[in-house]
1. Need one number: nm distance between label points at T165 and K131, each 7 Å from Cα along Cα→Cβ, rounded to one decimal.
2. Would you kindly derive the ³J(HN,Hα) couplings of segment 126-140 from the backbone phi angles with the Karplus curve 6.51 cos²θ - 1.76 cosθ + 1.60 (θ = phi - 60°), listing them in order in whole Hz, with x for Gly and Pro?
3. Extension gain K123-K75, at 0.36 nm per residue separation less the Cα-Cα distance, in nm?
4. Restricting to Cα pairs below 8 Å that are 6+ residues apart, what does the relative contact order work out to for segment 118-173? Please round to a whole percent.
5. So what J values fall out for segment 76-83 if you push phi through Karplus, 6.51 cos²θ - 1.76 cosθ + 1.60 with θ = phi - 60°, rounded to Hz, Gly and Pro as x?
6. From the residues F97, A77, I116, which one has its Cα farthest along the dipole of segment 74-116 in the positive direction, the dipole being from +1 and -1 charges on Cβ of Lys/Arg and Asp/Glu about the Cα centre?
7. Starting from the Cα of K92, step 7 Å along the direction of its Cβ; do the same at D146; then give the gap between the two resulting points in nm.
8. Quick check: from the Cα gyration tensor, does segment 118-173 come out rounded (a/c under 1.5), prolate or oblate?
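Throughout, read-outs are computed from the coordinates displayed, never taken from laboratory work. Keep in mind that this is a model prediction, so the values were computed, not measured. Positions of Cβ are backbone-derived with ideal geometry, glycine not excepted, and every protein chain shown enters the neighbour counts.
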Amino acid sequence: MAAAKKKPAKKTPAKKKPVAKKAPAKKAVAKKKPVAKKAPANNPAAKKKPVAKKAPAKKPAAKKKPVAKKAPAKKPAAKKKPVAKKVAVKRKPNPAFMKPMTPSAALAAVVGAKPIPRTEVTKKIWVYIKKNDLQDAKNRRNINADDKLKPVFGGKKQVSMFEMTKLVNNHLS
């Protein structure tokens, strides 16, 4: 006899678990934002993170303010007078500096023997220094003394310009 075909065995249906009813969905549920996928670490483009664009928030409609009544028209403002410019006032020199003083014999060799104000003494010394090129080449604040200035500077070969005025005042009376 020919091979008889076997009948497939009937499968018994699996028992289903009772399904709980879901609660009705809430109406105002916020939508979840899509999460950007991370690229593999070996990808150089992975360093830049994509930014999700946000929709602009809607502003509530602004309430209109009641329109105030206009005030009665004012008189036009009076024209302002132009401000007077400050005139540069020349400073008056201190009388103590302008008092003529007699230079000592050592200082008289540089500035002259007649009495002159302290300010003029300083000016004449600077004229003498520049004429004889006595400023130090490297440090211009220092003055190199020559034979006439050495006694005025107290025997020093080099003096700063600030120290010079102090030493010169010792030779005025």
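1. Going from the T165 label point to the K131 one covers 2.2 nm.
2. Those phi angles translate into 5, 4, 5, 5, 5, 5, 9, 6, 9, 6, 5, 5, 7, 10, 5 Hz.
3. 11.0 nm
4. 23 percent
5. Result, ordered by residue: x, 5, 5, 5, 7, 6, x, 6 Hz.
6. Of the listed residues, the answer is A77.
7. Each label point lies 7 Å from its Cα, and together they span 4.0 nm.
8. The shape class here is prolate.
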